[in-house]
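Enquirer: Here you go, one structure.
Where a number appears in this text, it was derived from the coordinates with a stated rule and is not lab data. Note that this is a predicted model, so its numbers are computed, not measured. Ideal geometry is used to build each Cβ from the backbone, glycine not excepted, and the neighbour counts take in all protein chains shown.
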């Protein structure tokens, strides 16, 4: 319904109570309803799942329609991203938020900072989803509150044209609520544990769950060593658990992103069960690093498998883990991805050790030969040294083309001495166009940066501390923070408004009328920023 229709509906309801509700203002009711469009997390999950499905279909029509997100570890961070996106681009379309398990572990655990090994409280993940959407809903409320104040000012001025224009903006208000792709790690336990956590995350608002094929109790960050994968059937049980959670809660469009860490994982905790040669378990086991043995060479505690009439003993480490043959990572990633897409996954994620379009595209080409509409979520990770990687890629390309690279040392290309060079300029241009090029050439539907605000918070704090505690003193804050906020139109310069003071004032007036004690009067120092 339109804003006007909401007012009329509220007025009819108030009039139907024989004067008992006459102190309730119909337009105030309509305003409060508009500022609280989403009642539950499930409302959000259903709404955002539809957005993602539409975006996936748009990408299938044209790879230029790729989507992006940035990782968040606090509701305020997510809120400011969406406010900034609307300010700079006029719409949030194609821009999501990513909830990183790494950042939950490092920044949200009661144990203090933890590595990305699923040691943090799993309840912290749905709690952060709920927090993010609480802040995004508050961004809606604040923006609408400002429009309502503009509407009142237009009425008081008798400006009918302005009033109509503002009503149109209210009726067509674009919410800050966007999809969140939420990291469920390796499921935090068995399939039942995965199902229970998935429900909590969906109930908090998540429309997309990202789950990885590592062993839960051996889980490592995707860019660290020591990763251990599980056989496909165990992983697919958790994928099905997520789908059941979506369907039980009525989020029929829910998105499952299956992540394979096989490229950098050389170990498995168990040998897969196989019913017959060539089945999924047999394919998983075919990558094991084995020694051929005779019956006489089999020890009392050895594990032996039979293949093609031969007895093979998988190499087992003192940790009781089995290792894969070196150089099989890409083949395992392709098998993992195809298997997931054929068994309920909507999107895949291949964790790589570097951002290389050729490497990613090579695997995606093989996957799309089997699943033509396969789409990738890709981690544009801060764990990569983007500058060094792309300078080396340009160096290698130039060398292959026969160009003279004698002015460059490939191993020290990160040096600032190369910053003004032609090679560095080309590398930067490749970085700039990486997302566009990779979406076209490597099937990447969604690009995300997992830990951006972890790094921006550290960098900005370092700069402020150096200046404020140094010779600049208070100017270090005023010049590089507050004055920059004012010049760039950053809403948080009026931090009282961002925290909800004006919304609260309006509510006080609804509830108490002329007796309301409001904070936004002449003595409020936020008025200094009105201009």
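Enquirer: Using only the Cα atoms of the stretch 134-176, build the gyration tensor, take square roots of its eigenvalues as a ≥ b ≥ c, and label the shape rounded, prolate or oblate: rounded if a/c is under 1.5, else prolate if a/b is larger than b/c, else oblate.
Expert: The shape class here is oblate.
Enquirer: Kindly state, to the nearest 0.05, the FRET efficiency for residue 417 paired with residue 459, given R0 = 30 Å and r defined as their beta-carbon distance.
Expert: Approximately 0.85, to the nearest 0.05.
Enquirer: Based on the Kirkwood radius over alpha-carbon pairs, what is the Stokes-Einstein translational diffusion coefficient of the stretch 210-350 at 25 °C with 0.890 mPa s viscosity, in µm²/s?
Expert: For these conditions, the coefficient is 152 µm²/s.
Enquirer: Normalised by the number of residues in the stretch 72-203, what is the relative contact order in percent for Cα pairs under 8 Å and 6+ residues apart?
Expert: 32 percent
Enquirer: Here's a follow-up. Peptides 256-269, 394-407, 164-177, 346-359: what's the order by average Cβ count within 10 Å, highest mean first?
Expert: Highest to lowest by the protection proxy: 256-269, 346-359, 164-177, 394-407.
Enquirer: If you don't mind, there's one more thing I want to ask. Would you mind computing, in nm to one decimal, how far apart the modelled labels at residue 478 and residue 173 are, each placed 7 Å from Cα along Cα→Cβ?
Expert: Between residue 478 and residue 173, the label points sit 3.7 nm apart.
Enquirer: Rounded to the nearest 5, what % of the DSSP beta bridges within the chain are antiparallel ones?
Expert: Approximately 25 percent, going by the DSSP bridge assignments.
Enquirer: So, how do all the Cα-to-Cα distances of the stretch 45-102 break down into 5 Å bins, in percent, from 0 on up?
Expert: 4, 17, 22, 25, 21, 9, 2
Enquirer: How many nm is it between the label spots at residue 405 and residue 471, if each spot is 7 Å from the Cα in line with the beta carbon?
Expert: 4.3 nm
Enquirer: For the chain, what does the helix formula give at 222 nm: sum of -39500 (n - 2.57) over DSSP H segments with n ≥ 4, over the residue count, nearest 500 deg cm²/dmol?
Expert: -15000 deg cm²/dmol
Enquirer: Let's test the formula: R0 of 41 Å, r as the Cβ-Cβ distance of residue 508 and residue 110. What FRET efficiency results, to the nearest 0.05?
Expert: Once rounded, the FRET efficiency stands at 0.70.
Enquirer: Determine the distance separating the Cα centre of the stretch 208-287 from the Cα centre of the stretch 336-397; give it in Å without decimals.
Expert: 17 Å
Enquirer: For the stretch 447-510, rounded, prolate or oblate, judged on the Cα gyration tensor with a ≥ b ≥ c (square roots of eigenvalues), a/c < 1.5 rounded, else prolate if a/b > b/c?
Expert: Judged from the Cα gyration tensor, the stretch 447-510 comes out oblate (a/c at least 1.5, b/c at or above a/b).
Enquirer: Hey, could you grab the Kirkwood Rh for the stretch 71-228? Inverse mean 1/r over distinct alpha carbon pairs, Å, one decimal.
Expert: Averaging 1/r across every pair of different Cα atoms and inverting gives 17.5 Å.
Enquirer: By how many nm would the segment from residue 165 to residue 8 lengthen if fully extended, with 0.36 nm per residue of separation less the alpha-carbon distance?
Expert: So the chain would gain 54.6 nm between residue 165 and residue 8.
Enquirer: OK, next. Over the stretch 408-531, what is the mean sequence separation of C-alpha contacts under 8 Å (at least six apart), divided by residue count, expressed as relative contact order in percent?
Expert: 11 percent
Enquirer: Still on this structure: By its C-alpha gyration tensor, with a ≥ b ≥ c as the square roots of the eigenvalues, how is the chain shaped: rounded for a/c under 1.5, else prolate for a/b larger than b/c, else oblate?
Expert: prolate
Enquirer: Still on this structure, please answer the following. Given a cut-off of under 8 Å on Cα pairs at least six residues apart, what relative contact order in percent is computed for the chain?
Expert: After rounding, I find 14 percent.
Enquirer: Separate question: For the stretch 208-314, what is the percent of antiparallel DSSP beta bridges, rounded to the nearest 5?
Expert: Taking every DSSP beta bridge within the stretch 208-314, about 55 percent pair in antiparallel fashion.
Enquirer: Taking the Cβ-Cβ separation of residue 291 and residue 64 as r and a Förster radius of 51 Å, what is the calculated FRET efficiency to the nearest 0.05?
Expert: It comes out at approximately 0.50.
Enquirer: Still on this structure, I have one more. Using packing as a proxy for protection, rank 186-198, 93-105 so that the peptide with the highest average count of other Cβ atoms within 10 Å comes first.
Expert: Top of the packing list down: 93-105, 186-198.
Enquirer: Compute the distance from the alpha-carbon center of the stretch 1-60 to that of the stretch 435-465, in whole Å.
Expert: Each part's Cα centre sits 35 Å from the other's.
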